[in-house]
Structures are given as C-alpha cells and as structure tokens.
1. VAL477: net charge of surrounding residues, Cβ under 15 Å, Lys/Arg +1, Asp/Glu -1, itself excluded?
2. Once you place label points 7 Å from the Cα toward the Cβ at HIS237 and VAL294, how far apart are they in nm?
3. Grab the Cα-Cα distance for LEU179 and TYR22, subtract it from 0.36 nm times how many residues apart they are, and report the gain in nm with one decimal.
4. SER352 to VAL168: extension gain in nm, 0.36 nm per residue of separation minus the Cα-Cα distance?
5. Run the 1.4 Å probe and let me know the accessible area of TYR205, rounded to the nearest 10 Å².
6. Please work out how much length the chain gains when fully extended from GLU474 to ARG245, using 0.36 nm per residue of separation minus the C-alpha to C-alpha distance, in nm with one decimal.
7. Arrange the residues SER146, SER476 by how much accessible surface each exposes, largest first, with a 1.4 angstrom probe.
8. With every protein chain left in place, what is the accessible area of GLU303 in Å² (1.4 Å probe, nearest 10)?
Amino acid sequence: MTIAGKFTLALLGCVVVAVIVYAIVAVRGELARSETDIVEYEASTAHALRPAIRDVWLHDGEGRALELIQEAKQRLRSVDVRWVSLAAGAPVGMRPRVPASRLAALRDGEDVMVVDRAYEGRGSIFTYVRVDVPTPEPVAIEVSRSLANHGAVRRSVVRSAAVTALLVAVASGFVTSILGLVLVGRPLGELVSQARRIGEGDLSYRIATSRRDEVAVLAREMNRMCDRLRDSRENEHAQADAKTRALAQLRHADRLATVGRLAAGLAHELGTPLNVVLARAKQMTGSALPPHDVGDKARIIVEQVDRMTKLIRQLLDFARKRELEPADVDLRVLVTRAATLLDPIARKGGVSLAVNGGAQSVTARVDLEQMTQVVMNLTMNAVHASAPGGTVSISLSRARAVPPAEDGRGEQPCTRVEVTDDGTGIAPLALPHVFEPFFTTKDVGEGTGLGLSVAYGIVKDHGGWIDVVSRPGEGSVFTVWLPDGGRA
C-alpha cells in the first residue's frame, strides 16, 4: 500500500474514532438534557398543584383534594401524579414508590428528586413535593415519569451520529485522497522513478521542485547525489583511462626490456649466418668459380639471409606497440614462436627449451602478441632460474579448473599453458608476492620485477589467471588458465 493510501486510511480512522466519541458524548448529553427537562417539568407540575390541593383540602376536605389529584393525573398524561403518605402504615396505594430511606429530607419540608434507573426494568424519575395539611403524618405529591423513551432518544442520536460519520468519512476520504495524491503520492512517485533511473545508471535527470517540505529536501539531496555520482563516475573513468594507459606503457616497457635481452642473444644467433654469408661472398669474389658453384653459394647466402630476416622480423613484431586484438590463435604456434625467440638466450645459459604435447593444435581466443609476451616472460624467468644443463618445458592441454575464490565463478573448461623448470625454486615467503609489480628475487640490475606482474595482468584481461607451484631446490611450475569463451 502506498504512503498516500496509508495516510488516507489513518485520517479516516481518526475521523471515525472522533465521530464515535462525539456520538457517545452526544448520546450522554442528550439523555442528561432529557432527564433535566423531566425533572424541571415534574417539579413545576408538583409546585403548581401543591397550593391548589392545599386550598381544596382546607376548604372542601380531603376527599375533594384526592379527586383533584385524579383529575390532574388524567389531564397530565406525560407524567403520573399520586398522593402519598409518609406514614409507616399507609395503605399500599398511598405509599411512595421510592424507599422511605431516600425521602428523609421530605420530612424536613425539602423537595426530593430521585432517579431510579432500575425501576420496573425501564427506569423512572420521581419528584416529591410536601403539602402542608393537617394530617398525623406528612403527605406529599409524587410526580413521576418513565425513562422508557430514552432508548428512542439514544437510537435517534446514534442514527444521526452514524449518518454524520458516514458523510464525514466520505468527504474526508475524498479530500485526503486528493491531498495525499498531490502532496505525497506524486512527489514520492517522482522520487521512486528518480531512484530507479539512478539504479540503472542514468544520472542526467534532475527533479524540479519549488516546494519547501521534507519531500522537496529529499529531492534536492537526490539531485546533489546525482551530481556527486556523475563527478565520481567521470573521475573514475578518467582514472580508469589513466590506469589503462599506464598498464599499456608498462607492458610495452616490459616488452622492450625483453627485446633488449633478446637482442643480446640474437646478436650471437646472427653471428653464424653472417659468417657463412661472408665466407661464401669472399669465395665468390676471390676466384673464378664454376657456374654451378656460384649458384650453390648464392643459394646458401639467400637461405642465411632469409633466416636472419625472419629472426629480426619476429623481434620487431614483438617490440611493436599494438592495441588488444583478440582472435582465434593456435597456441602451439604461439608457444613455438616464443621458444624460437628465446632459444638463443637459453642455449647461451646452457638451458634446453622444449615444447611438449605433440603437433596437435590448441586454439584459444587471445591477443597474439600479448599472449606471446606472457609465454616469453614466464619462459625467460624459468630460463634465468635454471642452472646450466637444466631444462625448461612448455606444455599445452585442456582441463577443467576452478578460478580463485575472489573470482566467484565455478568450475569451467579451460586451456592450460604450463611452463616448468628444474631450477632453484621460489622461497615460501616470496611466493605470495611474485605477481606484485617491481618484486624480484634477482640481483640488482638483472631484472625489473615487472615480467610476472605484466603477464598476470594480461592473462586477467583475458578472463584467466596464473597458478604457481614451487619448492626451493626443485623448480617451479607456472600454469596459465584461459577459460573457454573468456573476456578476450
């Protein structure tokens, strides 16, 4: 039920209660007025009869006075008039209808009024006026009237009150409904609509109000809240854009650092084909060779140049800054490419690189260059952690996995990329911090502490995560989990 409806019902309830109270008070007041009118009428009747009866008694005798009482009784049909004696042995027809104990003041000459609500089950009002005549015991005029008509009075007042209550309730209901709709219903409805718009993310609407009540105060506060939320959203978007740019720059810087390390290994890798090219070129220019020898040497030079061109092109492609471009990628090709780029560095350190799992393709929707950076960062860390004669292996497979607890997702099918080394391992105290920016266990100058952090951020952008298992002296296993149908 709406607040306006509750307000209307509450007001109607108050009106009904007020009318009921009014009816009770009116009934009691009307009955009191009726009783007062009866008492006054009885008293005036008794006082009017008293001198006439006394005079008749004194001049014409007791019999004539009693006849006058009977004549008055017949004429005054609204009241009952009787001649009563206060003598203890008075005849039954002349005894007062009220107990003598309540008429003590009558012996002293005072008028007595008695209301007996239980008399004959209906109630009556009795008025006694003493008449001073020569009798052994005091005598008086008894004037009484039944209260039987009080029920009709009560019903009339109740009926009138009920009609009044109905009319007041209808009028009040109509007025309060209109006022509730205008003063409460519509303003609150607009507030509710504004709250829904805010909940849906629409912060452009403002409530226009010129009122000065609490609803208007709430409306103005909601407008100010929208302004603050809009400013906060704009600030959040600006911060998010800045964070995105910073992450992109950070990843590019890490890629360039990797390129630098690759260049050192690539210089050694290019040395052999360059020597071959140089030797064949000298042979071709130093002496006259048969045509078929010239062709063989030229072919060897072309092969070595192609080899060097491919190596340099891969290095340049890796170093190039690009936007995120997800596509269906064969991860086996990606891993093989990364291993090719890192092989010179691995061989220089006496470490063997191996890609396991056969030749079957494993496809996932990822950004080729960024996921290459992930594999290279993890593999390069594994190479640096391995001693000469060690082995770093990269394997691909599919499996079901449960994301970290903070992710909130259940078990799901994933593509798994494992990088395993048999190096020094990671200390238990350092293990929780390996993905933190600028955290490194290498000597000063040997690492930036960004490689694993950047790799984790890229995988997270793809909807995945990285697990690490390591024991000091036994090596480490870094596992990249990429959910099927992830964010990328």
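The values are calculated or read from the model by the stated rules, or taken from the named source; none is laboratory data. Predicted model, so just to flag it, every value in this text is computed and none were measured. Cβ placement follows ideal geometry from the backbone for every residue including glycine, while neighbour counts extend to all protein chains displayed. Side chains are part of the model used for accessible areas, which takes the heavy atoms of the whole protein and leaves out ligands, DNA and RNA. Shrake-Rupley method; radii C 1.70, N 1.55, O 1.52, S 1.80 Å.
1. Working: positive: ARG416, ARG471; negative: GLU418, ASP421, ASP422, ASP467, GLU474.
Around VAL477, the charge tally is -3.
2. The answer from the label model is 6.9 nm.
3. Details: separation 157, 0.36 × 157 = 56.52 nm, distance 2.52 nm.
Once the chain is fully extended between LEU179 and TYR22, it gains 54.0 nm.
4. Numbers: separation 184, 0.36 × 184 = 66.24 nm, distance 9.85 nm.
Stretched out fully, the SER352 to VAL168 stretch lengthens by 56.4 nm.
5. Looks like 90 Å² after rounding.
6. On the way: separation 229, 0.36 × 229 = 82.44 nm, distance 3.85 nm.
Between GLU474 and ARG245, full extension yields 78.6 nm more.
7. Details: SER146 40, SER476 5 Å².
So, going from the largest accessible area down, we get SER146, SER476.
8. Surface open to solvent at GLU303 totals about 90 Å².
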